[in-house]
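Engineer: First the structure, which I've put down as structure tokens, then a few questions once you've had a look.
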Amino acid sequence: MKQTDMSRKILEQARERLDQAVEIAALTGAGISAESGVPTFRGADGLWRQHRMEDLATPEAFQRDPRLVWTWYNWRRALIADKTPNPGHLALARLERLKPAFQLITQNVDGLHQLAGSRNLLEIHGSIWRVRCTVCGQRRIERNTLANPPSCPACQGLLRPDVVWFGEALATDRLDAAFRAVSQAEVLLVVGTSGLVQPAASLAWQAKRSGAWILEINIEPTPFSEHADAVLPGPAGRILPQLLP
Ligand code: BV8
């Protein structure tokens, strides 16, 4: 069967599954924001290409050189600030309106799902638009350009990005909610993630163990592809809208 016929068949199957399901979940990664112009982490123009992960997204790196880490985050914030949701984000926000039990779980920190209108949203790696004081713990949304390094308006303590760095635990309430959602899901969409980062990647495995029908949408194969029930190769912004009525 030709690739296009196969994809058409899978599209129809996925539409059918989504139409019949009540409990639906989606796990998204940097790939869903690629068509909005936000670079992915491990792609050809990946964010990690220019920088070593260990040098930037870890508490040790921040401890060692907060100014360097803030230079990278301020650069990313400036890069993302004018980006808008693409049809992939908008399709998932529409899916939530069609299926109120839909739970969206994202590894992304760019805020584009929220901007697209998604509300049942778990940002399991935090948000690049939120900062947290390393002294008093106060959190606040900060969309303006920050000083480097920025200090807390309440106590003058050093602020950090309110994201989860490598070696840091994810917020248990968000992670527990994510595992509950994928354990209950009849259908799980795995969209635009390389599946390399844990524990996020294990959410797809949990869904599989719990009997969900899993559709992976990605422009290239991933370690999870052969374990998905179906794979639609291609950009999320083109594929996701085709899944909805
Ligand atoms: C934890 C927030 C334990 C920050 C991120 C050794 C030492 C320390 C830890 C570890 C270690 N070995 C393993 C670990 C665990 C570690 C880990 O998984 N490391 C990996 C790299 C091996 N995990 C952790 O450290 C986690 N914490 O384990 O804590 C613990 C427990 C108790 C107490 C203390 C500690 C924390 C992980 C979170 C890290 N933070 N982000 C920030 O963003 O600044 S992760 C970062 O990677 C982003 O969040 C990103 O989303 C995530 C995953 O990457 P992807 O989203 O998948 O992006 P990627 O570029 O890789 O892939 C893009 C995909 O899209 C590709 O497949 C591409 O083909 C596709 N694509 C591209 N365009 C499109 C597309 N698809 C569709 N359409 C398109 N148009």
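Engineer: Cut-off under 12 Å on the C-alpha distance; same-chain residues fewer than 8 positions from K83 excluded. Which aspartates and glutamates are left, in chain and number order?
Structural biologist: E35, D110
Engineer: Round to the nearest 0.05 the FRET efficiency obtained for Q63 and R119 when R0 = 22 Å and r is the Cβ-Cβ distance.
Structural biologist: 0.05
Engineer: Same structure, new question: Treating cross-link reach as a plain straight distance, find the lysines whose alpha-carbon is under 24 Å from the alpha-carbon of K9, omitting any fewer than eight places away in the same chain.
Structural biologist: K99, K208
Engineer: With +1 assigned to the C-beta of every Lys and Arg and -1 to the C-beta of every Asp and Glu, and no other charges, what is the dipole magnitude of the range 20-96 about the Cα centre in debye, to the nearest 20?
Structural biologist: So the magnitude is around 200 debye.
Engineer: While we're here: May I ask for the equivalent-ellipsoid semi-axes of the range 127-245, computed as the square root of five times each C-alpha gyration tensor eigenvalue and listed largest first in whole Å?
Structural biologist: 35, 17, 13
Engineer: Under the Kirkwood approximation applied to all pairs of distinct alpha-carbon atoms, what is the hydrodynamic radius of the range 1-113 in Å?
Structural biologist: 16.6 Å
Engineer: Which peptide among 136-148, 102-114 comes first, and what is the full order, when sorted by highest mean count of other Cβ atoms within 10 Å?
Structural biologist: 102-114, 136-148
Engineer: What FRET efficiency comes out for the pair S225/W75, r = Cβ-Cβ distance, R0 = 30 Å, nearest 0.05?
Structural biologist: With R0 = 30 Å, the Cβ-Cβ based efficiency is 0.40.
Engineer: Run the numbers for Q13 and D173: contour at 0.36 nm per residue of separation, minus the present Cα-Cα distance, in nm.
Structural biologist: 54.2 nm
Engineer: Can you bin every Cα-Cα distance in the chain into 10 Å intervals starting at zero and give me the percent of pairs per bin, rounded to whole numbers?
Structural biologist: Final binned percentages: 7, 32, 35, 18, 7, 1, 0.
Engineer: Let me ask something else about it. Filter the trypsin sites (Lys or Arg not before Pro) in the range 145-214 to those in DSSP coil with at most 14 other Cβ atoms within 10 Å of their Cβ, and list the result.
Structural biologist: none
Engineer: Sort 8-19, 116-127 by packing, meaning the average of other beta carbons within 10 Å per residue, with the highest value first.
Structural biologist: Order by mean packing, descending: 116-127, 8-19.
Engineer: While we're looking at this one, here's another question. Once the piece of chain linking R97 and R140 is laid out straight, how much longer is it, given 0.36 nm per residue of separation minus the C-alpha distance between them?
Structural biologist: Full extension of this stretch gives 12.7 nm more.
No lab work stands behind these numbers, since they all come straight from the coordinates. This one's a predicted model, so the numbers in the text were calculated from it and none came from an experiment. Heads up, the Cβs are rebuilt from the backbone with ideal geometry, glycines too, and the neighbour counts pull from every protein chain shown.
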